[in-house]
Amino acid sequence: MVELQIMGVVLAGGKGKRMKSSLYKVLHRVCGKPLVGHVVDVLEQIKLTRTVVIVGHGADTVKAYLGDRVEYAVQEQQLGTGHAVQQAEALIGQEDGLTFVVCGDAPLVTERSLRKMIELQQQTGAAGTMLTARMDHPAGYGRIVRAEDGRVLRIVEHKDCTPSELEIKEINAGTYLFNNRMLFQALKEVTNDNAQNEYYFTDAVDILVRQGKLIEGYCTDDAAEAVGVNDRVALSQAEKLMRERINTAHMLGGVTLIDPSNTYIDASVQIGMDTTVYPGTKLSGSTIIGEGCVVGPNSEIVDSQIDDNVTVMQSVLNHATVGSDTTVGPFAYLRPGSRIGKGVKIGDFVEIKNASIDDGTKISHLSYVGDANVGKNVNIGCGAITVNYDGYNKHVTEIEDDAFVGSNVNLIAPVRIGKAAYVVAGSTITDDVNGNDLAIARERQTNKAGYADKLRNRIQSKDKV
Ligand code: UD1
Ligand code: CA
């Protein structure tokens, strides 16, 4: 038996006028991922033999984002969703099998529903199966008109509805599965005789029904799946629904979210068991967080890898790595290239950039460490900084294991502090310090006996004049 081939067509050619944006609609992000990325990802889970993305507005940007994961067909003029699907005919019109047609602006469709649609289509031998949902406020969506016996008859766009059709709560989610050949045949008969003068893809349903073919509707119980993002209001709704899904999956996976409605985790982020995330925290990009960590409140972690049992308080991390049992913050800023070891303390108002900080080192308060390699068990005192930039070039500071850098030290790079060396507080260090040496570079203090009162008197007598 020949295996059934299933293909996909993703509609991503429209302008997205209602977004009022210079960014092309399907590239707007939901939980960190472009709308069309969510759609293509879910189709990939089905393992389609071919996926064709219809591009038009912003074609180059969409292609640049999706790359060669899919094939493309260009829709030069946006004459409607039916016209958009027709653009795939040259590529797949002659294939046998089934074809999913999905909207590039519907990021919440699930693999589960796509599989249910395949099942229903195969069980019933239907020519097509559409994903539907029930909505209390279905404004804007196409309504599903069924016959008395429950058979799907047609889809009527909101703008073309009669008053009684407007009352229908079952809507078209914009995801369909069709017998491929029948679909392209039916599309030839679609006209633009409607309120929007567009070639509606949805009319293919009506055409096939009138040919006596069966169209099934699989009604999902999760109306979120049907959300199509046409404007920024829907974008925020999609974001909220996707966030609920992502956060629920983390909680079921053993992560404590103190307030999931105020915790923002991108679709791509991984978090280990028994980690607790406090409110106001945003975890994004390729971030991976280990087990038993405490993150937040009010922290932002971007593209960073964090090992087990790390605490991050009220801090910002961007392209950083953090070893196990380390604490970061409150109010620390780990910038790109921060490589923090195990059991390190990065305290309050500490900024690290392009620097490795090895195991057991403490940088407890108010420091800047940039372009540096700091060894193990180093102590960097309050207010000590690396002076890495001379206005033209960046220079490197090396601090070897067990060194002690006192408070308010300026390390003028390039400079090296040797193993177990001791740099006295308040020093401005311009020359290398050898291992075990003590460096002091500051003015000697003079105390003038009884001078405080003298000074006061002088100032007061001046004031009287
Ligand atoms: C469409 C459906 C509606 C359904 C809703 C679900 C039609 C006629 N209507 O309406 O029944 O309830 O989706 O979200 O299909 N596109 C193109 N080329 C075009 C026009 C659109 O590629 O010429 C793409 C858009 O980029 C978008 C998708 O098709 O990703 C859907 O188009 P859109 O204008 O958003 O359709 P809706 O009005 O939302
Ligand atoms: Ca839409």
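The values are calculated or read from the model by the stated rules, or taken from the named source; none is laboratory data. What you see is a predicted model, and the numbers here were worked out from it, not measured in a lab. Counting neighbours? That spans all protein chains shown, and the Cβs are built from the backbone with ideal geometry, glycine included. Calculation scope for accessible area: heavy atoms of the full protein, side chains included, ligands and nucleic acids excluded. Shrake-Rupley method; radii C 1.70, N 1.55, O 1.52, S 1.80 Å.
Results, tabulated for the structure shown:
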item	result
Among 270-279, 432-441, the order from most to least packed when residues are scored by Cβ within 10 Å on average	270-279, 432-441
Neighbour count of at most 13 Cβ within 10 Å plus DSSP loop: longest GluC sites (Glu not before Pro)-free window in the chain	168-442
Cα gyration tensor shape of segment 1-151, rounded if a/c is under 1.5, else prolate or oblate by comparing a/b with b/c	oblate
Taking the chain and dividing mean pair separation by its residue count, relative contact order in percent (alpha carbons under 8 Å, at least six apart)	8 percent
Cleavage-rule hits, trypsin sites (Lys or Arg not before Pro), segment 222-278, DSSP coil, Cβ neighbours within 10 Å at most 13	none
Fraction of accessible area attributable to carbon and sulfur, segment 1-137 (%, probe 1.4 Å)	48 percent
Surface per residue (accessible, 1.4 Å probe) for segment 1-101, Å²	47 Å²
Percent of beta bridges antiparallel (DSSP, the chain, rounded to nearest 5)	20 percent
Set of aspartates and glutamates near Lys345 by C-alpha distance (under 13 Å), chain-local residues within fewer than 8 positions excluded	Asp325, Asp358, Asp359
Anisotropy class of segment 1-75 from Cα gyration tensor, a/c 1.5 cut	prolate
Lysines with Cα under 17 Å of Lys169, excluding same-chain neighbours fewer than 8 positions away	Lys159
Rounded tilt (10° steps) of 111-124 against the dominant C-alpha axis of the chain	10 degrees
Degrees, to the nearest 10: 451-464 long Cα axis against longest axis of the chain	70 degrees
The chain, Rg to Rh (Cα coordinates; Rh as Kirkwood inverse mean 1/r)	1.20
Sulfur and carbon atoms: percent of accessible area, segment 279-410 [1.4 Å]	51 percent
Selection of chymotrypsin sites (Phe, Trp or Tyr not before Pro), segment 389-465, meeting DSSP coil and at most 10 other Cβ within 10 Å	Tyr392
Gyration tensor (alpha-carbon) shape descriptor, segment 181-243, a/c threshold 1.5	oblate
Reduced Cα scattering model of segment 318-413, Debye log10 I(q)/I(0), q = 0.11, 0.16, 0.19 Å⁻¹	-0.25, -0.54, -0.77
Candidate lysines - alpha carbon under 28 Å from Lys342, same-chain residues fewer than 8 apart omitted	Lys282, Lys353, Lys362, Lys376, Lys394, Lys419
Normalised contact order of segment 238-285, rounded percent, pairs of Cα under 8 Å and 6 or more residues apart	37 percent
Between helix 35-46 and the chain: long-axis angle, C-alpha atoms, 0 to 90°, nearest 10	70 degrees
Rounded to 5, percent antiparallel among DSSP beta bridges of segment 382-465	5 percent
